[in-house]
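Comments concern the structure below.
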Amino acid sequence: MYSLIPNVDQLERQLERFAKTCAADEVVLFERVTFLVIAQCSRKQHHDVHRFEKISNIIKQFKLSCGRSQSQPLSMHISNSTFSAFVGSFTSNTAIMVVSTDPDVRVASTEMNVKLARPVFEKFIKTHAGAGPAAGEAGL
């Protein structure tokens, strides 16, 4: 999936700016249906090379469970004493995960930053991913 996305380096630079703006340690952009990683920005070192696959599987299982109970979650927030993570719809074809270890970062501020960034990223994706068959295959 990663290799099908044109201009992924520019998209990741946009994610880096977004991560700095909302004091996030990591921001991951997923394809909305498959939850495959499109682009990501990590501001902290991680040692688990399979973590994106694990995250994708966890989210897919959660969505399946919700589907069985005939509910569709729009977003979810997970937190404990060491981190806070927000996962939700982002653009028309993507979902986003924002992870922060800063205890001062509140869920409401993360949600507001995602909401404010949505039109910017929609425009960026339409402008930069519209050329060629690979963009269409990727659902962008």
* Asked: Quick check, is ALA23 out of contact with any Gly (no Cβ under 6 Å at 6 or more places or on another chain), over 23 Å from ILE125 (Cβ atoms) and surrounded by 15 or more Cβ atoms within 10 Å (Cβ to Cβ)?
  -> yes
* To do: Please indicate, with yes or no, whether at least one residue in region 64-75 is in a helix (DSSP H, G or I), surrounded by 13 or more Cβ atoms within 10 Å (Cβ to Cβ) and either modelled with pLDDT under 85 or not aromatic (Phe, Trp, Tyr) (or both).
  => yes
* To do: Within region 48-56, identify whether any single residue is assigned to a loop (DSSP other than H, G, I, E, B), at pLDDT below 90, under 26 Å from LYS123 (Cβ atoms) and not acidic (Asp, Glu), and answer yes or no.
  => no
* Asked: Among (1) surrounded by 17 or more Cβ atoms within 10 Å (Cβ to Cβ); (2) in contact with a helix residue (DSSP H, G or I) (Cβ under 8 Å, 6 or more places away or on another chain); (3) of a type in the set (Ser, Thr, Tyr), which single condition is SER56 missing?
  -> (2)
* Structure fact -> For region 17-47, the count of residues that are part of a helix (DSSP H, G or I) and of a type in the set (Phe, Trp, Tyr) equals 1
* With respect to the numbered conditions (1) at pLDDT 90 or above; (2) under 22 Å from PRO119 (Cα atoms); (3) among the small types (Gly, Ala, Ser), which one is the sole condition not fulfilled by SER84? -> (2)
* Check off (1) under 19 Å from VAL37 (Cβ atoms); (2) modelled with pLDDT of 90 or more for THR110 and give me the number that stays unchecked. => (1)
* Index of the failed condition, ILE125 passing every other in (1) of a type outside the set (S, T, N, Q); (2) within 13 Å of the chain's Cα centre (by Cα); (3) crowded, with 17+ Cβ neighbours inside 10 Å -> (2)
* To do: Go through VAL107, VAL99 for me and flag whichever is farther than 20 Å from ILE125 by Cβ and buried (at least 19 other Cβ atoms within 10 Å of the Cβ).
  => VAL99
* To do: Test ALA117 against the criterion of being at pLDDT below 85 and surrounded by 19 or more Cβ atoms within 10 Å (Cβ to Cβ), and give yes or no.
  => no
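The values are calculated or read from the model by the stated rules, or taken from the named source; none is laboratory data. Computed from a prediction, not measured in an experiment: that's the story for all the values here. Positions of Cβ are generated from backbone atoms using ideal geometry, with glycine treated the same way; all protein chains shown enter the neighbour counts.
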